[in-house]
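Structure first, then comments.
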There are 2 protein chains.
Amino acid sequence: MINKITIIGVGLIGGSLAKAIKENGLAKVVFGFGRNSDRLKMAQKTNVIDQYSTTLEEAINESDIVVIATPVGSFKEILSEIKPFLTGKIIITDVGSTKTNIVSMVNQTLGEYSNCFIPAHPIAGKEKSGFEASEPNLFINKKVIITPLEANSSDSIKLVQKMWENIGADVDFMSPESHDELLGMTSHLPHMLAFSLVNYLISKNPSASIYAAGGFKDFSRIASGDNVMWRDICIQNKDQIISHIKGYQKTLDSLVEAIENENRDKLDLLFTNAKKTRDSWVG
Amino acid sequence: MINKITIIGVGLIGGSLAKAIKENGLAKVVFGFGRNSDRLKMAQKTNVIDQYSTTLEEAINESDIVVIATPVGSFKEILSEIKPFLTGKIIITDVGSTKTNIVSMVNQTLGEYSNCFIPAHPIAGKEKSGFEASEPNLFINKKVIITPLEANSSDSIKLVQKMWENIGADVDFMSPESHDELLGMTSHLPHMLAFSLVNYLISKNPSASIYAAGGFKDFSRIASGDNVMWRDICIQNKDQIISHIKGYQKTLDSLVEAIENENRDKLDLLFTNAKKTRDSWVG
């Protein structure tokens, strides 16, 4: 059993991880760090975390694992603030949605302690944010991608891997670059499309939504994601996201062409393929 | 109470309408027409319809209301086949997702009986098709848009309006053009985006879907819509759909620009607006 796990940023993901660790008895103390003591007090009161502090030194002191669970835009600052309190024994990991950028930040900021940082990303979430929306079962049967650094010891990697596996997740390994390309496609792109759909409707006819069926609600659900989180992801995974949006626009162009030409066979094929593939993915 | 309602095309929408009419005791006989007698027999056996026929003359004979519930691409043929059996007393209506095109088909095909056709569109559906997926509650609290023709008598319009209201729907009236612009935006566009997202992922990396979170599943659900239905809608609402896709691409362009420039304020604004509006729509 781990003595102390510190969660930096007790929001939806941090809070769900805290609850899952407590529910599975994986650590003696789940310690929360944040900037707002009222919020942390509430998280403690509702049994999300055991203890908390608004000073990093206290939060990290004698911790076995520190999990950074804040929006990725705040990582640089947090890494710099953490560094003075590192010992070489404290394992640091994260839950950030981008990896290449974070890895280079870690290398720049943590210096001799960068080998203690195990970059990870649980592919789980929902459109609500804050620890109030957290659930201990959020990670069950969800993928967690670890993108190890060359300098990471296999023991440190295993520690983080076990943490996720013990709360029901399925861990995969890949390079930070593959992660960002893949997630740019399966997560960042759909979010950009959903945000843009809502923005397009706002620009055309804000009252149109009363004529939207259930499909629209599902489709636009992810447009309710947290704005700071998505702003940070856009900036950190900029190249991949732009490249996927542009690639997607070409797919739209060929659909427009098929509609323009009333190319029934092509339209049939496009819709049949999409349906078949989507059903096989979900089924 | 109506004596006989005929449903032409006993699929998801036709079957759900049939069930709702039976459940609410609105007609003595709900009569199904289709091309496949095995399917119709099954629909009768599972209590979706009371009687059926594969000949239009028998299906329409002495019917009070005929509801065309086939994909919109088949309307022209059906209207021509129906015409010889019309009497001036039979009210015809439909559930098609496009209206301008259908109205002009009705005017071209039905001649002196075009005043008997009340164009309508219930905004309800799901990604499954066929009467097996039908449900009597499908239309409760759903919008039905009626786009009356100038020649329609107010009694005929009321008859169709009451039919929908009696099964729980909320009827609105507008012009066929407004309908097509509106639905092009709230329904056809999201479907095109979802089909294209899946097609883009297929083209890039078909196995990527295992790294997709719940949001992706919701987002892509409508990519499982029926291919024939969507092919027909694309062709019939061609101009509106193309115009909305192109407009949407401009919205994507301005997102790309904000990401390229790392314009944090703009990104914040785009995501905050989308989230706020989406949340207010869904309530």
Inter-copy separations for B:Glu81, label at 7 Å along Cα-Cβ, nm, ascending: 7.1
Fraction of antiparallel bridges per DSSP, the protein assembly as shown only, in percent to nearest 5: 10
For B:114-126, mean number of other protein chain Cβ atoms within 10 Å: 1
Kirkwood Rh in Å, taken over chain B so that all alpha-carbon pairs contribute: 20.4
Per-copy distances of the B:Asp265 label point, shortest first, in nm (7 angstrom along Cα→Cβ): 5.4
Cα-based helix-to-principal-axis angle, B:12-23 vs chain B, degrees rounded to 10: 50
Estimated FRET transfer efficiency when R0 is 45 angstrom, pair B:Met42-A:Asn141 (beta carbons, to 0.05): 0.80
Of A:Lys19/A:Lys158; A:Lys275/B:Lys238; B:Lys76/B:Lys238; A:Lys246/B:Lys128; B:Lys204/B:Lys275, pairs whose Cα-Cα distance is over 23 Å: A:Lys246/B:Lys128; B:Lys204/B:Lys275
Chain A: antiparallel DSSP beta bridges as a percent of all, rounded to 5: 10
Between helix A:238-260 and chain A: long-axis angle, C-alpha atoms, 0 to 90°, nearest 10: 20
Cα-based helix-to-principal-axis angle, B:189-204 vs chain B, degrees rounded to 10: 60
Taking segment B:1-155 and dividing mean pair separation by its residue count, relative contact order in percent (alpha carbons under 8 Å, at least six apart): 26
Chain B, helix-only ellipticity at 222 nm - DSSP H runs n ≥ 4, -39,500 (n - 2.57), divided by all residues, nearest 500: -15500 deg cm²/dmol
Three-way shape call for segment B:17-149 based on the alpha-carbon gyration tensor, with the a/c threshold at 1.5: oblate
Residue of chain B whose Cβ sits closest to the axis mapping B onto A, with distance in whole Å: B:Asp218, 2
Relative contact order, percent, chain B [alpha-carbon distance under 8 Å, six or more residues apart]: 17
Beta bridge orientation in segment A:57-175: antiparallel %, DSSP, nearest 5: 25
P(r) weight above 38 Å for the protein assembly as shown, C-alpha pairs, percent: 40
Relative contact order [Cα under 8 Å, 6+ residues apart], segment B:178-282, whole percent: 33
Gain upon complete extension [B:Lys76, B:Glu62; 0.36 nm per residue less C-alpha separation]: 2.8 nm
Copies compared at B:Met174 - label distances in nm, ascending, label defined 7 Å from Cα in the Cβ direction: 4.1
10 Å Cβ shell holding at most 14 others, DSSP loop, GluC sites (Glu not before Pro): longest site-free stretch of chain B: B:151-261
√(5λ) per eigenvalue of the Cα gyration tensor, segment A:1-62, largest first, Å: 16, 14, 9
Cα gyration tensor category, rounded, prolate or oblate, for segment B:98-242 with a/c compared to 1.5: prolate
Global form of segment B:178-282, assessed from the alpha-carbon gyration tensor, a/c cut-off 1.5: oblate
Excluding exposed DSSP-loop trypsin sites (Lys or Arg not before Pro) (at most 16 other C-beta within 10 Å), longest clean stretch of chain A: A:129-283
FRET efficiency estimate (nearest 0.05) - Cβ-Cβ, B:Asp172 to A:Thr55, R0 60 angstrom: 0.55
Full-extension gain in nm, B:Leu159 to B:Asn205, via 0.36 nm per residue minus C-alpha separation: 11.4 nm
Amide H contacts under 5 Å for B:Ile92, placed H, 5+ residues apart: B:Val66, B:Phe117, B:Ile118
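Each reported figure results from applying straightforward, stated rules to the coordinates on display, with no laboratory input. From a predicted model like this one, the values you see are computed outputs, not experimental measurements. Glycine gets a Cβ as well: all are built from the backbone with ideal geometry, and neighbour counts include every protein chain shown.
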